[in-house]
Amino acid sequence: MKNEVSRKKDIPVTRGDPRGVFYDLFDADEAAELTMRAELLRGLQRWLAGAGTQAAAAKVLGITQARVSDIKRGKIDGFSLDLLVRLASRAGLKPTLRIAA
């Protein structure tokens, strides 16, 4: 008897909102804010990768080492949009806002 590989039938794939997963899970206004916060958090995480120790990064950012750890772990719920903008600026990331119609 031949060893046959079973094939799944073609199952239709439902695509989410092209703007991102937050738009699938939250109201549009909350999703927009979460998307901005996530982008800032990812930028800070990339910056932290080359910033040396968490203690040194905390000094530059003006926050505690525990808060730096929260950034590294992606704890988005612990940071407001305005705080993330300030932290990104302190890190030299030059955050900007672009509005599209």
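Name the residue that is modelled with the lowest pLDDT, counting only residues in region 10-34 that are acidic (Asp, Glu) and surrounded by fewer than 13 Cβ atoms within 10 Å (Cβ to Cβ).
First pass over region 10-34, keeping only residues acidic (Asp, Glu): 10, 17, 24, 27, 29-30, 33.
After this cut, where a residue has to be surrounded by fewer than 13 Cβ atoms within 10 Å (Cβ to Cβ) as well, the list is 10, 17, 24, 27, 29-30.
On the way: Asp10: 73, Asp17: 70, Asp24: 84, Asp27: 88, Asp29: 90, Glu30: 91.
Among residues in region 10-34 that are acidic (Asp, Glu) and surrounded by fewer than 13 Cβ atoms within 10 Å (Cβ to Cβ), the one modelled with the lowest pLDDT is Asp17.
Could you count how many residues in region 26-82 are out of contact with any Phe, Trp or Tyr (no Cβ under 6 Å at 6 or more places or on another chain), farther than 17 Å from Gly92 by Cβ and hydrophobic (A, V, I, L, M, F, W, C)? Let's see the steps before the verdict.
Filtering region 26-82 for residues out of contact with any Phe, Trp or Tyr (no Cβ under 6 Å at 6 or more places or on another chain) gives 26-30, 32-33, 36-82.
Still in the list and also farther than 17 Å from Gly92 by Cβ: 26-30, 32-33, 36-38, 53-55, 64-67, 69-70, 72-82.
Narrowing the set further to residues that are hydrophobic (A, V, I, L, M, F, W, C) leaves 26, 28, 32, 36, 38, 55, 66, 76, 79, 81.
The qualifying residues number 10.
Among the residues of region 65-82, are any over 24 Å from Leu34 (Cβ atoms) and either surrounded by 12 or more Cβ atoms within 10 Å (Cβ to Cβ) or at pLDDT 95 or above (or both)? Steps first, please.
From region 65-82, those over 24 Å from Leu34 (Cβ atoms) are 65; that's our starting set.
Among the residues that remain, those that are also either surrounded by 12 or more Cβ atoms within 10 Å (Cβ to Cβ) or at pLDDT 95 or above (or both) are: 65.
Within region 65-82, one or more residues are over 24 Å from Leu34 (Cβ atoms) and either surrounded by 12 or more Cβ atoms within 10 Å (Cβ to Cβ) or at pLDDT 95 or above (or both).
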Item to check | Residue ID - farthest from Glu30 (Cα to Cα), chosen from residues in region 59-101 that are touching a Lys or Arg at 6+ places or on another chain (Cβ under 7 Å) and assigned to a helix (DSSP H, G or I) | outcome: Val60
Next on the checklist: Between Arg37, Arg7, which is out of contact with any Pro (no Cβ under 6 Å at 6 or more places or on another chain), part of a helix (DSSP H, G or I) and either closer than 18 Å to Val85 by Cβ or modelled with pLDDT under 95 (or both)?
Outcome noted: Arg37
Checklist entry - Restricting region 37-55 to residues that are surrounded by fewer than 16 Cβ atoms within 10 Å (Cβ to Cβ) and under 14 Å from the mean Cα position of the chain (by Cα), which is farthest from Phe79 (Cα to Cα)? => result Arg46
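The values are calculated or read from the model by the stated rules, or taken from the named source; none is laboratory data. Keep in mind the model is a prediction, meaning the values are calculated, not measured. All Cβ positions, even for glycine, are placed from backbone atoms using ideal geometry, and neighbour counts span all protein chains on display.
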